[in-house]
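Bear in mind these aren't lab numbers, they're just calculated from the coordinates by the rules spelled out. Just so it is clear, the model here is predicted, and its values are computed rather than measured. Here the Cβ is made from the backbone with ideal geometry for all residues, glycine too, and neighbour counts use every protein chain on show.
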Amino acid sequence: MRGAKSAKWVAGAIVVALAATACGGGSGEDEPKDKGALAGYVSIDVGEPQKPLIPADTNETNGSYVIQSLFTQLLDFDAKGEIVYTNAESVTTEDSKTWTVKLKSGWKFHNGEDVTAQSYVDAWNWYANIKNNQQNSFWFADIAGYDDVHPEKGDPKADKMSGLKVVDDTTFTIDLKERVPYFNYKLGYTTFAPLPKVFYDDPKAFGQKPVGNGPYKFEKWTHKKLIQVQAWDDYKGPNKAANKGIQFKNYATLEAAYQDVVSGNLDIIRQVGPTDLPKYKQDLGDGAIEEPYAAIQSLVPAFYSKTFKDVDPKVIQGLSMAIDRDTITKTVLNNTRTPATSFTPPQVKGNQDLDTDVFTYDPKKAKALIEEGGGVPGNKVWIQYNTDGGHKEWVTAVCESIRNATGVDCVGDAKPDFATDLEARDNDEVKSMYRGGWVADYPVNVNFIKELYHTNAESNNGRFSNKEIDALMAEGDKAESLDEAVKAYQEVEKKLVDEMPAIPLWYYRINGGHGKGVDNVNVDFHGDLELTEVTTK
Amino acid sequence: MGRYVARRLLQMIPVFIGSTLLIFLMMYALPGDPVRALMGDQAFDPAVVESIRHDLGLDLPIWQQYLNYLGGLLQGDFGTTIGSQRPVADIIAEAFPVTIRLTLFAFVFLVIVGISLGVIAGLRPDSVRDRGLLTLTLVLISMPSFVLGYLMQYLFAFQLGVTTPTVQDSENFGDLLLPAIVLASLSLAYVARLTRTSMAENLRADYMRTAVAKGLPRSRIVGVHLMRNSMIPVVTFLGTDIGNLMTGAIVTEGIFNVQGVGDAIYEALFRREGATVVGIASLIVIVYLVASLLVDLLYAVLDPRIRYA
């Protein structure tokens, strides 16, 4: 019996200990809770940012949403993709090589510090420096002196880019390595935001509690639950907040967020999950949002693979014509995409009618083209995709369509997740084609052509290489004006139809919604909701 | 007794080291580089990827990475995450209290409701209420937790409006009620069935007849003689189930939007955050070890014939 008694003691003690730890967190009854909405605040399902909140270190959507609310860069774009000056008075150039930026005066950071030309130049130099490991540092690569602060290998030779010069408090100039006629469009990317002096004292702490110059100022970040920002009264830009603040709430699943919108516990959902898509328009009524935006999904042939090595482009044209885009977008994809008719989405400058039938479903011609081009080696193609992104359904449908139309066997090559998928792409291990996606960084056709199909482009994982097309792009970059550059790239796009570096499938649409508590929810050109315009009732 | 406990606790050390090593190696074996994955679909600069990998020590050989990790662990440092650069300890400290609360809630519900149901049915085997319980548990066992989860959400949040569909505040026990019930329901069926069968069997045992013959009051016969002997298989099940409740809650956590351990480990795995996965998984291993020790000790409480030296 002695044994039994002491066992009771031990067991009892452990139970008490467990109970104590469990209650420790739960007893804070008086603490302010995240529950319920604050009056005048708009809540939206935006998950935990992957990285600290530093403008040049964020390119995924969650972080970008928060960064965009906290920081304002020189300029922005309207829904049509036209430039709207925000912090800049003007951005001008004579020769597309030297750009002069004039800032609006009187702008301040949230801590009261003035936003000056120096705030921009210092920030950009810091972002570009290889030592600081900023993910978007390559965005500064056009600027003269970038290679000194960001060498391919080894330590930087300088900590300032020679191309950036401060003229006075509100003026600075940017010298580029070469002409880039569309450089001002790049400046609309959040990476080009300025930083206050406090940043340099402790970048790590700043990333948790950023101080920006945007329409909202940072309030709090409860990790994995909520980020809250408050409208900033002294904001001088055109996109001043029409609400009192934003709550970015983290949801584990799209379905959970959707349930909260329907029941009124959440104001806005950015994307309705596949299970709720068939009924969200009924559930949300006027609150349902369905808008196209500047993003495209393609099938990208790997030109090193057995299937597509030295392939006749006619074969790829044939495969493209074998895909019944209309039916697949309507059925399998529930109208979340619009069939593609070119390599660029309609929202970008320079999108054109290509006057071709390569993107139209025509099984007979598809078959004929593939035969004409010498057929597909092994009569089989693979489409690589990641299973964690909801792609399986449409890949299966596309394969079905190709198989039925042409008799070429087509199977999905599933990778368990995005990381594995990317690794196979980077290491040139794609069996024949992969699923490619691209969202506009800036609304110009160059972004969809040069970054994807230039021989040296980082994202050209299909390793498409065509000297003639590279030369045409170089020609476009030398253009005197933006219009000329856009025209030159339109010529490139026409060439792309003959060479088929990818099979464009469809453009994205945003399928979101909002509850009855808010109004005036609009979508910008790259599919983000314009949170500053949202009004509460 | 004390020596027995001490020995068991000491045994946990090699198990802990072994399990961290195994999980560490498994994470390493997974394809996909976490730093590269951070860059996503869009353009990026390989030099930056290399530089980040170097700063985090991810370019070192695997054994050196493991030693570094273990060295940090001994000093109480769980490492930092790759993406957010936050200490893994913070992430654990956020996720575990939520899950422990949910688990404890589910566990209490499970013990009280499950055992009572089992007792009620077990005392009258093959009666109507026994058959009723067997049918109910059969339904619970065969229903996947996401079906039950959505059903409960629909009924209680949308039709009756008693609660919000998702957990708004994971420190609020009222909010956690629904997910806890869903989480517990599968195990509830097992516990009820185990108790019922064990009870029904022991009812026919010799010592029961003796107890009745001695003229003991019925409450004592059932409460002490029958219950104590019938609880051993149930306690074994409950012990291992604590671990299951903690780790197996991914689906339930997703439906009700509870940011607990299941959610944290899934996300870490998805992003190849090795240090986070190893940290959380090792803690769960410890939970399992402690729970099984508790179960072994409870045997001695329930059955005096069992002794540990």
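What value, in deg cm²/dmol to 500, does the helix sum -39500 (n - 2.57) over DSSP H runs of n ≥ 4 give at 222 nm once divided by the residues of chain B? Let's see the in-between values first.
Working: 13 runs with 223 residues, N = 309.
Computed ellipticity for chain B at 222 nm equals -24000 deg cm²/dmol.
In debye to the nearest 20, how big a dipole does the stretch B:187-307 give about its Cα centre with +1 on each Lys and Arg Cβ and -1 on each Asp and Glu Cβ? Working shown, then result.
Working: 12 positive and 9 negative charges, 171 e Å.
Taking the Cα centre of the stretch B:187-307 as origin, the dipole is about 820 debye.
What does the highest-first list of A:332-341, B:278-287 look like by mean Cβ count within 10 Å?
B:278-287, A:332-341
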| query | Which helices, taking whole DSSP H runs in chain B, have alpha carbons extending 27 angstrom or more along the helix axis plus mean Kyte-Doolittle at least -0.5? | reply | B:2-29, B:88-123, B:173-202, B:227-247, B:274-302
| request: Provide the net charge surrounding residue A:157, with neighbours chosen by a C-beta distance below 15 Å and charges set as Lys +1, Arg +1, Asp -1, Glu -1. | output: -2
| message | Need the C-alpha centroid separation for the stretch B:141-181 versus the stretch A:64-105, integer Å. | response | 47
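Below 9 angstrom from the Cβ of residue A:231, what's the summed charge of the other residues (Lys, Arg +1; Asp, Glu -1)? Intermediate results must be reported in sequence, preceding the final value.
On the way: positive: A:217, A:240, A:244; negative: A:233.
For residues surrounding residue A:231, the net value is +2.
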| query | Using the C-alpha gyration tensor of chain A, what are the square roots of 5 times its eigenvalues, in whole angstrom, with the largest one first? | reply | 40, 34, 24
| said: If each residue of separation counts as 0.36 nm, what is the full-extension length gain between residue A:475 and residue A:535 once their alpha-carbon separation is subtracted? | reply: 17.0 nm
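Take peptide B:45-56, look around each residue's Cβ out to 10 angstrom, count Cβ atoms belonging to other protein chains, and average those counts.
Values: counts 11, 4, 9, 10, 3, 4, 8, 3, 1, 1, 2, 1.
Mean shielding by partner chains, rounded to a whole number: 5.
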| message | Between residue A:38 and residue B:128, what is the label-point separation in nm under the 7 Å Cα-to-beta-carbon projection? | response | 5.9
| Taking the alpha-carbon centroid of each part, what is the distance from the stretch A:308-336 to the stretch A:352-418 in angstrom? | 5
| task | Work out the charge dipole of chain A with +1 on the Cβ of Lys and Arg and -1 on the Cβ of Asp and Glu about the Cα centre, then indicate which of A:112, A:446, A:471 is farthest towards its positive end. | result | A:112
| said: Please report the spacing between the Cα centers of the stretch B:17-35 and the stretch B:240-309 in Å, no decimals. | reply: 19
| query | Per residue of chain A, what 222 nm ellipticity follows from adding -39500 (n - 2.57) for every DSSP H run with n ≥ 4, rounded to the nearest 500? | reply | -9000 deg cm²/dmol
| note | Rounded to one decimal in nm, the spacing of the 7 Å Cα→Cβ label points at residue A:205 and residue B:150 is 4.8
| Magnitude of the Cβ-charge dipole of chain A, K/R +1 and D/E -1, about the Cα centre, nearest 20 debye? | 1740
| query | So if we plug the beta-carbon distance of residue A:304 and residue A:279 into 1/(1 + (r/R0)^6) with R0 = 41 Å, what FRET efficiency do we get, rounded to 0.05? | reply | 0.40
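Would you order A:329, A:344 from fewest to most other beta-carbon atoms within 10 Å of each residue's own beta-carbon?
Working: A:329 22, A:344 30.
In increasing order of surrounding Cβ atoms, one gets A:329, A:344.
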| query | Any idea what log10 I(q)/I(0) is at q = 0.14, 0.15, 0.20 Å⁻¹ for the stretch A:161-302, Debye with uniform C-alpha scatterers and no solvent? | reply | -1.04, -1.11, -1.31
| request: Work out the charge dipole of the stretch A:291-510 with +1 on the Cβ of Lys and Arg and -1 on the Cβ of Asp and Glu about the Cα centre, then indicate which of A:455, A:496, A:298 is farthest towards its positive end. | output: A:298
| note | Among B:221, B:120, B:106, the residue whose Cα sits farthest towards the positive end of the charge dipole of the stretch B:89-302 (+1 at Cβ of Lys and Arg, -1 at Cβ of Asp and Glu, taken about the Cα centre) is B:221
| task | Shielding by partners for A:44-57, please: the mean number of other protein chain Cβ atoms within 10 Å of each residue's Cβ. | result | 2
| note | Averaged over the residues of B:82-92, the number of partner chain Cβ atoms within 10 Å of each residue's own Cβ comes to 3
| At R0 = 51 Å, FRET efficiency that the Cβ-Cβ distance of residue A:84 and residue A:372 yields, to 0.05 | 0.55
| task | Starting from the Cα gyration tensor of the stretch B:247-309, take the square roots of the eigenvalues, sort them a ≥ b ≥ c, and report rounded, prolate or oblate (rounded when a/c is under 1.5, otherwise prolate if a/b is larger than b/c, else oblate). | result | oblate
| message | To the nearest 20 Debye, how big is the dipole of chain B about its Cα centre, given +1 on the beta carbon of each Lys and Arg and -1 on that of each Asp and Glu? | response | 2140
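How long are the three semi-axes of the equivalent ellipsoid of chain B, in whole Å, if each is the root of 5 times an eigenvalue of the C-alpha gyration tensor, listed from largest down?
Values: eigenvalues 397, 140, 37 Å².
Sorted largest first and rounded, they come to 45, 26, 14 Å.
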| Per principal axis, descending, Cα span of the stretch A:291-510 in whole Å | 48, 38, 35
| Where does the stretch A:84-132 land on Rg/Rh, using Cα atoms and the Kirkwood Rh? | 1.04
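What is the sum of charges around residue A:370, taking Lys and Arg as +1, Asp and Glu as -1, for the other residues whose C-beta is under 13 Å from the C-beta of residue A:370?
Values: positive: A:314, A:364, A:365, A:367, A:380, A:403; negative: A:312, A:362, A:371, A:372, A:409.
Its environment carries a net charge of +1.
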| request: With a 10 Å radius around each residue's Cβ, average the other Cβ atoms per peptide and rank B:123-131, A:69-77, highest first. | output: A:69-77, B:123-131
| remark: Each label sits 7 Å from Cα toward the beta-carbon; between residue B:136 and residue B:219 the label points are separated, in nm, by 2.4
| field | Shape parameters for the stretch B:1-88, alpha-carbon atoms, Rg then Dmax in Å | value | 17.2, 63
